[in-house]
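Read the structure below first, then the notes.
The values are calculated or read from the model by the stated rules, or taken from the named source; none is laboratory data. This is a predicted model, so every value here is computed, not measured. Using ideal geometry, Cβ is built from the backbone for each residue, glycine included, and neighbour counts are taken over all protein chains shown.
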Amino acid sequence: MSVAQDEIDRRVGLMKDALRERGMKLTHQRIEVVREIAAADDHPDVERIFRSVRTRVPTISLDTVYRTLATLVELGCVTRATLTPGPARYDANVTHHHHFVCTRCGIASDIIDPGLDAICVSAGTKRLGRVETVEVRLRGTCSDCERDGGTDRIGQHS
Ligand SMILES: [Zn+2]
Ligand SMILES: [Zn+2]
């Protein structure tokens, strides 16, 4: 599953507008970070975004990537998720969704599933307060890892 081109364009447009409104210059480096996160559907961490952008913009620094992402999070264009132990992962899908996380390669995929939205909570849970949204995280082995028979490939996806 990859992000459709029109959705990438839409996200890039929103992020550029938001950065501009914040008074940030749309430098080539920042735009490349925006493009990278807008097109990602596997929730990369800072390091992975940095390595990928660096292939196109060799002068980019990890700090620039980090700060651009932090601003996008502040502006509500990207969410920071702790889907796996270790560094935060970034998600440009800000609509309501659930996640499937592969415990072998660490890939996290978005799930849109009305069945998960409609999960029933027990009376005991309801006593804690009013439930407004439900975010479910499924953990398991992704179909790529299943096919590969379990080689450890953490960080190898690009
Ligand atoms: Zn996997
Ligand atoms: Zn997501």
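Would you mind stating whether TYR66 is part of a strand (DSSP E or B) and either farther than 20 Å from SER2 by Cα or within 12 Å of the chain's Cα centre (by Cα) (or both)?
Details: part of a strand (DSSP E or B): no; either farther than 20 Å from SER2 by Cα or within 12 Å of the chain's Cα centre (by Cα) (or both): yes.
Taking the combined requirement at face value, the residue does not satisfy it.
It is to be established whether one or more residues within the range 117-132 are within 16 Å of ligand 2 (Cβ to nearest atom), in a helix (DSSP H, G or I) and surrounded by fewer than 15 Cβ atoms within 10 Å (Cβ to Cβ). Lay out the reasoning, then the answer.
Looking only at the range 117-132, we keep the residues that are within 16 Å of ligand 2 (Cβ to nearest atom), and these are 117.
Filter once more, keeping what is in a helix (DSSP H, G or I): 117.
Of the ones still in play, those that are also surrounded by fewer than 15 Cβ atoms within 10 Å (Cβ to Cβ) are 117.
Checked the range 117-132: at least one residue is within 16 Å of ligand 2 (Cβ to nearest atom), in a helix (DSSP H, G or I) and surrounded by fewer than 15 Cβ atoms within 10 Å (Cβ to Cβ).
Can you work out which of the residues in the range 133-153 that are farther than 26 Å from VAL94 by Cβ and in a loop (DSSP other than H, G, I, E, B) is modelled with the highest pLDDT?
Taking the candidates together, the pick is THR141.
If only one of LEU26, LEU72 is crowded, with 21+ Cβ neighbours inside 10 Å, away from ligand 1 (no atom under 16 Å from the Cβ) and closer than 23 Å to GLU7 by Cα, which one is it? Steps first, please.
Values: LEU26 fails: crowded, with 21+ Cβ neighbours inside 10 Å.
Only one candidate qualifies: LEU72.
In the range 91-104, how many are touching a residue at least 40 places away in the same chain (Cβ under 8 Å), out of contact with any Asp or Glu (no Cβ under 7 Å at 6 or more places or on another chain) and either within 13 Å of ligand 2 (Cβ to nearest atom) or not in a strand (DSSP E or B) (or both)?
First pass over the range 91-104, keeping only residues touching a residue at least 40 places away in the same chain (Cβ under 8 Å): 91-93, 98-100, 102, 104.
Retained after the next criterion (residues that are out of contact with any Asp or Glu (no Cβ under 7 Å at 6 or more places or on another chain)): 91-92, 100, 102.
In the following step, the residues that additionally are either within 13 Å of ligand 2 (Cβ to nearest atom) or not in a strand (DSSP E or B) (or both) were identified as 91-92, 100.
Residues in the range 91-104 being touching a residue at least 40 places away in the same chain (Cβ under 8 Å), out of contact with any Asp or Glu (no Cβ under 7 Å at 6 or more places or on another chain) and either within 13 Å of ligand 2 (Cβ to nearest atom) or not in a strand (DSSP E or B) (or both): 3 in total.
Being in contact with a Leu (Cβ under 9 Å, 6 or more places away or on another chain) and hydroxyl-bearing (Ser, Thr, Tyr) is the requirement here; does THR27 meet it?
Taking the combined requirement at face value, the residue does not satisfy it.
Being touching a Leu at 6+ places or on another chain (Cβ under 8 Å) and within 16 Å of ligand 2 (Cβ to nearest atom) is the filter here; which residues of the range 47-79 pass it?
Result: ILE49, LEU72, CYS77, VAL78.
Kindly evaluate HIS99 against the criterion of being within 16 Å of ligand 1 (Cβ to nearest atom) and in contact with a Phe, Trp or Tyr (Cβ under 9 Å, 6 or more places away or on another chain). Step through it out loud before you land on a result.
Working: within 16 Å of ligand 1 (Cβ to nearest atom): yes; in contact with a Phe, Trp or Tyr (Cβ under 9 Å, 6 or more places away or on another chain): no.
No.
Run ALA40 past the list (1) closer than 23 Å to ALA4 by Cβ; (2) surrounded by fewer than 18 Cβ atoms within 10 Å (Cβ to Cβ); (3) out of contact with any Lys or Arg (no Cβ under 8 Å at 6 or more places or on another chain) and report the number of the one that doesn't hold.
(2)
For the range 75-87, what are the residues that are touching a residue at least 40 places away in the same chain (Cβ under 8 Å) and either farther than 14 Å from VAL34 by Cβ or surrounded by fewer than 11 Cβ atoms within 10 Å (Cβ to Cβ) (or both)?
Pass one, the range 75-87, residues touching a residue at least 40 places away in the same chain (Cβ under 8 Å): 75-78, 83, 86-87.
If the condition is that a residue be touching a residue at least 40 places away in the same chain (Cβ under 8 Å) and either farther than 14 Å from VAL34 by Cβ or surrounded by fewer than 11 Cβ atoms within 10 Å (Cβ to Cβ) (or both), then GLY76, LEU83, GLY86, PRO87 are the ones that fit.
Taking the condition assigned to a helix (DSSP H, G or I), within 16 Å of ligand 1 (Cβ to nearest atom) and either free of Cβ contacts under 8 Å to residues at least 40 places away in the same chain or not assigned by TED's automatic domain parsing to the domain that holds GLU132 (or both), does ARG20 pass? Quick ask: steps written out before the conclusion?
On the way: assigned to a helix (DSSP H, G or I): yes; within 16 Å of ligand 1 (Cβ to nearest atom): no; either free of Cβ contacts under 8 Å to residues at least 40 places away in the same chain or not assigned by TED's automatic domain parsing to the domain that holds GLU132 (or both): yes.
Answer is no for this residue.
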